[in-house]
Amino acid sequence: MGYYMRFFDTSAEPLNLGVVDSALRQLDPAYRVNIFPKTDALQGEFHYGDGLYGEIEINQLADGLFDEELQEQLETLGDAEEGDPAPVAETLRAARRSVVVRVLWQGREPADTLVRIDPLWTWLFDSRTGLMQADGEGFYDSQGLVLAVK
């Protein structure tokens, strides 16, 4: 198992990891997304400097994995502890893709790892529409937590 964070993207504009890599490098040239061959720029590794911070992939509407992941997230809404699940469900149903990061701690403190991944979420909120989900926490918009789900 692992710790996953996901951005459910409702934007019409296509997205691949080449775009993500370019955007992150503009923020800080130490960022790098190593894209795996033969994955249509949809799977890779998330690096900052010499450090590996996660595995990253983009799952697309109707690709099977996305549909399964979406259904799982919709089911978790019944476990909401704080917030209104209705707008979150609406956003999830409108999502066209998810940007998924399996966070790799690599012996670092969680805060030291997450601070390196946070610019990805900031860029996605600035350039796309949707919600971010973090395992064991819930769903976030650009302002913060909108639905707590443990």
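Bear in mind that the values in this text are calculations on the coordinates, not laboratory data. As the structure is a prediction and not an experimental result, all values here were calculated from the model. Neighbour counts run over all protein chains shown; Cβ positions are idealised from the backbone, glycine included.
The Rg/Rh ratio for the stretch 65-150, using Cα coordinates for both the radius of gyration and the Kirkwood hydrodynamic radius, is 0.96. Each residue, SER22 and ASP40, gets one label point 7 Å from its Cα in the Cβ direction; the gap between the two is 1.9 nm. Label-to-label distance, GLU13 versus ASP84, with points set 7 angstrom from Cα along the beta-carbon direction: 2.9 nm. Each part gets one Cα centre, and for the stretch 97-148 versus the stretch 19-42 those centres are 17 Å apart. Shown here is the pair-distance distribution of the chain: with all Cα-Cα distances grouped in 5 Å bins from zero up to the longest one, the shares run 2, 10, 20, 23, 21, 15, 7, 2, 0 percent.
Secondary-structure-derived ellipticity at 222 nm for the chain, considering helices only, amounts to -10500 deg cm²/dmol, per-run term -39500 (n - 2.57) for DSSP H runs with n ≥ 4.
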